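The values are calculated or read from the model by the stated rules, or taken from the named source; none is laboratory data. On a predicted model such as this, the values are computed, not experimentally measured, just so you know. Cβ sites come from the backbone with ideal geometry, for glycine too, and all protein chains shown count toward neighbours.
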Amino acid sequence: MSYQEEFVLFWEQVKESVHEGRFAKLTMAKTIGKPNLKNIFVRPMQSEHGSKVLVKLRYASKDTEDVEKEMTLDEAFAFLKSYLKTSFSTVLLFTTTKDVTFKINKKGACSVIENEPTFHDVIYAETDL
């Protein structure tokens, strides 16, 4: 199974945790090369219009301002998928019941590892958007 197909399965866990109120945070980490983009963070938002998340792009350079975007889960999936294996090799899902790490190696093979939860509460993102 390709890493793209595995990421679809991983994303099902993200959606499930959002719908069940367990989603705490998602982080794209382990940059490939030396890009200015350091991390991408995804936090849950309280919304009357379905499940929304706040996607924050954090840059290494102090001269580049962080960028925040409000998205649906489907929009976030498409957005994050474009950074897999080109900019980041690891995606960490933090829920209140478990942490799930999705890793892609240099050959394109992936692994998914579950650990005890880091977060015990869901803290919703606040935005000025």
Subject >> Single residue of segment 51-61 satisfying the filter (in contact with a Leu (Cβ under 9 Å, 6 or more places away or on another chain) and either of a type in the set (S, T, N, Q) or over 18 Å from L80 (Cβ atoms) (or both)) that is surrounded by the fewest Cβ atoms within 10 Å (Cβ to Cβ) >> reply: A60
Subject >> Residue selected from segment 1-50 under the condition over 16 Å from T96 (Cα atoms) and among the basic types (K, R), by the criterion surrounded by the most Cβ atoms within 10 Å (Cβ to Cβ) >> reply: K38
Original post:
Only one residue in F119, F77 is of a type in the set (F, W, Y), in contact (Cβ under 8 Å) with a residue 60 or more places away in the chain and in a loop (DSSP other than H, G, I, E, B), so which one is that?
Top reply: F119
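Condition check ((1) within 13 Å of A125 (Cβ to Cβ); (2) of a type in the set (A, V, I, L, M); (3) touching a Lys or Arg at 6+ places or on another chain (Cβ under 6 Å); (4) part of a strand (DSSP E or B)) across all residues:
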{"site": "F7", "(1), (2), (3), (4)": "no, no, no, no"}
{"site": "S17", "(1), (2), (3), (4)": "no, no, no, no"}
{"site": "K25", "(1), (2), (3), (4)": "yes, no, yes, yes"}
{"site": "P35", "(1), (2), (3), (4)": "no, no, no, no"}
{"site": "G50", "(1), (2), (3), (4)": "no, no, no, no"}
{"site": "M71", "(1), (2), (3), (4)": "yes, yes, no, yes"}
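Just one of L57, L80, L92 is over 20 Å from S17 (Cβ atoms) and under 15 Å from the mean Cα position of the chain (by Cα); which is it?
Result: L57 is the single residue among L57, L80, L92 that is over 20 Å from S17 (Cβ atoms) and under 15 Å from the mean Cα position of the chain (by Cα).
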**OP:** Output the number of the condition that A125 fails; it satisfies all remaining conditions of (1) farther than 25 Å from S2 by Cα; (2) in a strand (DSSP E or B); (3) among the aliphatic types (A, V, I, L, M).
**Re:** (2)
Original post:
Looking at segment 89-118, which of its residues are closer than 14 Å to L26 by Cβ and either acidic (D, E) or modelled with pLDDT under 95 (or both)?
Top reply: D99
**OP:** Being in contact with a Phe, Trp or Tyr (Cβ under 6 Å, 6 or more places away or on another chain) and either closer than 16 Å to E5 by Cβ or free of Cβ contacts under 8 Å to residues at least 60 places away in the same chain (or both) is the filter; apply it to segment 85-116 and report the residue that is surrounded by the fewest Cβ atoms within 10 Å (Cβ to Cβ).
**Re:** G108
